[in-house]
Amino acid sequence: MISDKEKLINQLLDNYCEESTISLLKEMIKIPSHKNVEWQEDKQVEFIGNYLTEHGITNIELEYIEENRPNIIAKIPGNKTGSSLLLNGHTDTIPPYNMVIPPYSPEVKDGYIKGRGSVDMKGSLAAMISAMVIIAENDIELKGDLIFAGVIDQEQQSLGSVKLIEDKIEADYAIVGEPTDLRICHAHKGMEWYKIVIKGQSAHGSTPEKGQNTIYHGARIAAEIEKLNFKLMDREDSFVSPPTINVGVISGGDDPNIVPNITILEVDRRYTPEESRQSIYEEIDRLLAKVNSTYPGYITEVITMEDRVCPLKNIPLTGINKNKLTDSLQNSLRRFSDRDNGLTYFRGWSDAALFANKLKIPSLVFGPGLPEKCHSGDESLKIEDLITAVKIYLNVIVDICY
Ligand SMILES: [Zn+2]
């Protein structure tokens with residue numbers, strides 16, 4: 001027996017033109033939207049706003065967080081008798097670092113669309129927008145609100161989603177469309193960035209024994225951090241992947257003939273829901289105390305890199321109980337894909353952690369594209385997965401809001 005909702009989905013998909021989503025994504029890729037273009041996310045958002053309007057969605061708000069940097073919130077209001085769903089995705093990408101394909105001339109080849117943002121995450125945005133347009137163009141009356149939020153700045157400090165949190169956006173469920181290769185992710189690690197400032201004693205380069213060389217001390221600390229990472233990777237006590245630590249930047253010194261008296265390490269620490277911000281700072285304090293006791297005289301200080309990370313902290317997404325959204329995504333995946341439909345974890349960090357922790361909205365991460373293709377030199381998205389994502393988002397919309 002086929003249910004009424006299944007019948008409706010079949011009808012909607014009969015009229016759906018897959019080519020519309022492919023050309024939408026190509027147009028989005030053609031508009032760069034990263035921190036090094038003067039218009040930042042602005043032109044991308046303008047394009048999305050026009051596209052939605054042309055396709056019958058008129059309840060649209062642009063909210064400028066900074067100059068040239070608006071969030072776009074589009075809504076198909078329900079009649080307030082059903083559950084509401086928030087579809088969230090970021091409109092920024094990273095710059096076209098080390099790309100081996102043209103970043104903004106999307107090529108469709110061998111079943112893939114190539115270009116910056118195809119995976120992270122204009123593909124998912126195009127799929128969300130397409131699903132929403134299908135609802136609008138078929139005049140489907142919803143019981144609960146369907147809300148699309150295209151947010152700025154996720155690749156930096158998540159200021160777009162932070163604004164939604166401050167505005168206390170209302171939704172019963174949320175999907176954040178980061179690329180998960182169409183796997184349902186209900187948890188991920190937190191992320192903390194801190195600096196280790198090492199102070200020593202400068203001296204003339206011809207008498208290095210009279211100084212305390214902070215580059216040497218930084219190297220000793222970095223070597224201990226590497227060992228710590230191996231230890232962390234052995235841990236299997238978490239339902240997300242093991243924690244990690246990485247030294248990403250080391251800076252210090254002026255000239256070869258001077259003993260450097262200050263060196264800074266910049267560290268990325270990914271922590272599991274079983275850990276905490278407090279425990280990871282205690283951990284680095286212990287490590288520094290040990291190295292400093294072997295090499296006395298150096299002063300080390302750990303400083304959170306507040307201006308580079310989310311002002312609400314990049315806290316972990318800590319998992320979800322079975323609910324209408326998990327049921328719907330699992331059923332939708334079973335219907336439209338042969339992917340494993342179990343709940344798993346996302347490797348990176350996502351804005352879902354903010355909605356889940358700060359507004360208590362049950363939130364999942366789910367989108368098309370291989371996570372390892374994010375930020376890659378040959379970023380490319382399988383078209384079949386893009387179209388599957390449209391069908392799954394549509395199915396979830398009907399399950400939750402109709
Ligand atoms: Zn992303």
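See the values below:
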| read-out | value |
| --- | --- |
| The range 24-58: number of residues that are in contact with a Lys or Arg (Cβ under 7 Å, 6 or more places away or on another chain) and more than 18 Å from Ala126 (Cα to Cα) | 1 |
| Test: Glu166 is assigned by TED's automatic domain parsing to the domain that holds Pro368, away from the ligand (no atom under 16 Å from the Cβ) and without any contact (Cβ under 8 Å) to a residue 40 or more places away in the chain | yes |
| Restricting the range 333-357 to residues that are among the hydroxyl-bearing types (Ser, Thr, Tyr) and within 14 Å of the chain's Cα centre (by Cα), the residue that is surrounded by the fewest Cβ atoms within 10 Å (Cβ to Cβ) | Tyr345 |
| Some residue of the range 134-144 being free of Cβ contacts under 8 Å to residues at least 60 places away in the same chain and away from the ligand (no atom under 14 Å from the Cβ) | yes |
| Enumeration of residues in the range 211-246 that are surrounded by 18 or more Cβ atoms within 10 Å (Cβ to Cβ), touching a helix residue (DSSP H, G or I) at 6+ places or on another chain (Cβ under 6 Å) and not in a loop (DSSP other than H, G, I, E, B) | Ile221, Ile245 |
| Residue within the range 158-166 that is in contact with a Gly (Cβ under 7 Å, 6 or more places away or on another chain) and of a type outside the set (Lys, Arg) present | no |
| Listing of strands (runs of 3 or more DSSP E) fully contained in the range 294-373 that carry 1 or more residues being within 15 Å of the ligand (Cβ to nearest atom) and of a type in the set (A, V, I, L, M, F, W, C) | 343-346, 363-365 |
| Where a residue in the range 88-116 is of a type in the set (Ser, Thr, Tyr) and its partner, wherever it lies, is surrounded by fewer than 18 Cβ atoms within 10 Å (Cβ to Cβ), with Cβ under 6 Å and at least six apart | Tyr104/Lys30 |
| Verdict on Gly252 being loosely packed, with under 14 Cβ neighbours inside 10 Å, touching a strand residue (DSSP E or B) at 6+ places or on another chain (Cβ under 7 Å), farther than 27 Å from Ala352 by Cα and touching a residue at least 40 places away in the same chain (Cβ under 8 Å) | no |
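The values are calculated or read from the model by the stated rules, or taken from the named source; none is laboratory data. What you are looking at is a predicted structure, and each value in this text was computed from that prediction instead of being measured. Quick reminder, even Gly has a Cβ in these numbers, built from the backbone with ideal geometry, and neighbours come from all protein chains shown.
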